Amino acid sequence: MRFVAMIIFGLAAINFFYRAVQLFRKSSKISFSENTLHRFICQSCQTEYKLNGIEAKQKIKGAIKIKKSSPKGQVFYYKFTCPNCNTYASQQKLFDMQKSALLGNAKVNIDSNQIPLLIDMLLKGVLPIFIVMILVQLLMK
């Protein structure tokens, strides 16, 4: 019984890692597509502007990334030239959903187009792990 339980748990773990890789691949493909808009705030002129996925990828590709983290959330800054004021300054990336939980130990910063991918990962990758854990405990009794 223990051997069968370990095989089932191993299959659930392989499924989880497969879904995680799939999530990251689809997320980057969607994030840098032409139809996706990214919002930024320039720290020098304090104006908000939008870039499509292709422009954002070109700007972010070689940019310096600064991550400021606190228990209430985290903020990402990229250093590149602002399209409005043409100065090389930090640009704050704005996300559609910024959540922080467990005293800042769990932070989620995602755009609205990535929410279905996250829900898919939770249902098809994380939920089977919990179901298998319950089944393994029942098999071990």
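Some points to look at:
- Taking the inverse of the mean reciprocal distance over all distinct Cα pairs, the Kirkwood hydrodynamic radius of the stretch 37-110 comes to 12.9 Å.
- Using alpha-carbon coordinates, inclination of helix 2-31 to the longest axis of the chain, degrees: 20
- Note on Phe9 and Lys99: the model spin-label points, each 7 Å out from Cα along the C-beta direction, lie 2.8 nm apart.
- Answer label, with Rg and Dmax of the Cα atoms in Å calculated from the coordinates and candidates (1) 15.2, 44; (2) 15.5, 48; (3) 20.0, 68: (3)
- Local net charge near Leu117, Cβ-Cβ under 12 Å (Lys/Arg +1, Asp/Glu -1): +3
- Taking label positions 7 Å along the Cα-Cβ direction at both Phe130 and Ser112, the computed distance is 2.7 nm, reported to one decimal.
- FRET efficiency estimate (nearest 0.05) - Cβ-Cβ, Ile66 to Ser44, R0 25 angstrom: 0.95
- Take the Cα of Ile119, step 7 Å toward its Cβ, do the same at Gln74, and the gap between the two points is 2.4 nm.
- Exceedance of the 27 Å cut-off in Cα-Cα distance is limited, within the set Lys26/Lys50; Lys50/Lys124; Lys29/Lys99; Lys29/Lys72, to Lys50/Lys124; Lys29/Lys72.
- Relative exposure of Thr87, Thr36, judged by other C-beta atoms within 10 Å (fewest first): Thr87, Thr36
- Potential extension, Cys85-Ser33 segment - 0.36 nm per residue separation minus Cα distance: 16.2 nm
Throughout, read-outs are computed from the coordinates displayed, never taken from laboratory work. Fair warning: this is a prediction, and the values are worked out from it, not measured in the lab. Don't worry about glycine lacking a Cβ; one is built from the backbone with ideal geometry, like all the others, and counts go over all protein chains shown.
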